[in-house]
Amino acid sequence: MSNPVIRLQDISRNYRMGSEIIHALRNITTEIHKNEYVAMMGASGSGKSTLMNIIGCLDTPSSGEYYLNGEAVFHLDDNQLAEIRNKQIGFIFQTFNLLPRSTALENVALPLIYTGMKKELRDQLAHQVLTEVGLANRVNHRPNELSGGQRQRVAIARALVNKPSIILADEPTGNLDSRTSIEIMQLFADIHKMGNTLILVTHEEDIARYAHRIIRLRDGLIEADEVNAQPTTVS
């Protein structure tokens, strides 16, 4: 098998709350390879969001080693981590995190500003990705003019626009109804087919079943790591 895109070795994350130490993650060791579709499952407090934040370079471990595409990132400074996030990782959040006064096009083009790309090319790329997610006729709409599903599609387009190798989705269907959730999961299946490594964080079993591998966390530990032989498909 090829070298892993993500390699975690004995990752722990501790927080201090008053006089108490919270062990959010305890000696997590795992690998994720290119074009894997992985769901991280667990109840609230299981450590799944903390683990996602470390994988996404939004947080750093208290101990252990993290390698991203072969690069040791566990000792990088904030500026170096920000550069990795912008170039290699696309984020999709439950709450969409869109700028309310900006159009869909402007929201999607935002990550490209930090690359120094000219506005004309930024807009062209953003329009292209919005078209790919089915929003060619909504590029000039602001978030309050879009449905929840459309807002999540804008957020997905924003995550894809930099062509990152890894897509991290944190409870991406948490604010959506069942029918719209299925549409978004179909879109994730399409993204996976394009070659992206896709990591989905969820507490919902039916959403996790779309992934090809399920890592279950409990009390900061990996409780199970299993291949999903029959992932759910959208007919």
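The values are calculated or read from the model by the stated rules, or taken from the named source; none is laboratory data. Quick caveat: nothing in here was measured; it's all calculated off a predicted structure. Cβ sites come from the backbone with ideal geometry, for glycine too, and all protein chains shown count toward neighbours.
Of the residues HIS192, HIS203, which is under 29 Å from ARG13 (Cα atoms), in contact (Cβ under 8 Å) with a residue 60 or more places away in the chain and surrounded by fewer than 22 Cβ atoms within 10 Å (Cβ to Cβ)? Answer to the selection: HIS203.
One line per residue, one yes/no per condition, for (1) part of a loop (DSSP other than H, G, I, E, B); (2) touching a residue at least 40 places away in the same chain (Cβ under 8 Å); (3) in contact with an Asp or Glu (Cβ under 6 Å, 6 or more places away or on another chain):
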position: ALA126; (1), (2), (3): no, no, no
position: PRO164; (1), (2), (3): yes, yes, no
position: THR180; (1), (2), (3): no, no, no
position: LEU187; (1), (2), (3): no, yes, no
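With respect to being under 16 Å from ILE156 (Cα atoms) and crowded, with 16+ Cβ neighbours inside 10 Å, PHE74 falls outside the description. Taking the criterion of being under 13 Å from GLY64 (Cβ atoms) and either hydrophobic (A, V, I, L, M, F, W, C) or touching a helix residue (DSSP H, G or I) at 6+ places or on another chain (Cβ under 8 Å) (or both), the residues of the range 7-26 that qualify are LEU8, ILE11, ARG13, ALA24, LEU25.
Here ILE156 fulfils each of the conditions (1) hydrophobic (A, V, I, L, M, F, W, C); (2) touching a residue at least 60 places away in the same chain (Cβ under 8 Å); (3) more than 21 Å from THR233 (Cβ to Cβ); (4) in a helix (DSSP H, G or I) apart from (3). Whether any residue in the range 21-39 is hydrophobic (A, V, I, L, M, F, W, C) and without any contact (Cβ under 8 Å) to a residue 40 or more places away in the chain is what I want to check. Yes, there is a match, as at least one residue in the range 21-39 is hydrophobic (A, V, I, L, M, F, W, C) and without any contact (Cβ under 8 Å) to a residue 40 or more places away in the chain. Please determine whether any residue of the range 146-153 is closer than 26 Å to ILE11 by Cβ, of a type outside the set (Phe, Trp, Tyr) and either within 14 Å of the chain's Cα centre (by Cα) or surrounded by fewer than 20 Cβ atoms within 10 Å (Cβ to Cβ) (or both). Scanning the range 146-153, I find no residue that is closer than 26 Å to ILE11 by Cβ, of a type outside the set (Phe, Trp, Tyr) and either within 14 Å of the chain's Cα centre (by Cα) or surrounded by fewer than 20 Cβ atoms within 10 Å (Cβ to Cβ) (or both), so the answer is no. For the range 60-79, the condition of being under 14 Å from the mean Cα position of the chain (by Cα) and not in a strand (DSSP E or B) holds for none of the residues.
Being at pLDDT 95 or above, among the hydrophobic types (A, V, I, L, M, F, W, C) and closer than 21 Å to ARG153 by Cα holds for only one residue in ILE199, ILE215, ILE191, and it is ILE199.
The criterion of being polar (S, T, N, Q) and closer than 19 Å to ARG209 by Cβ does not hold for GLN150.
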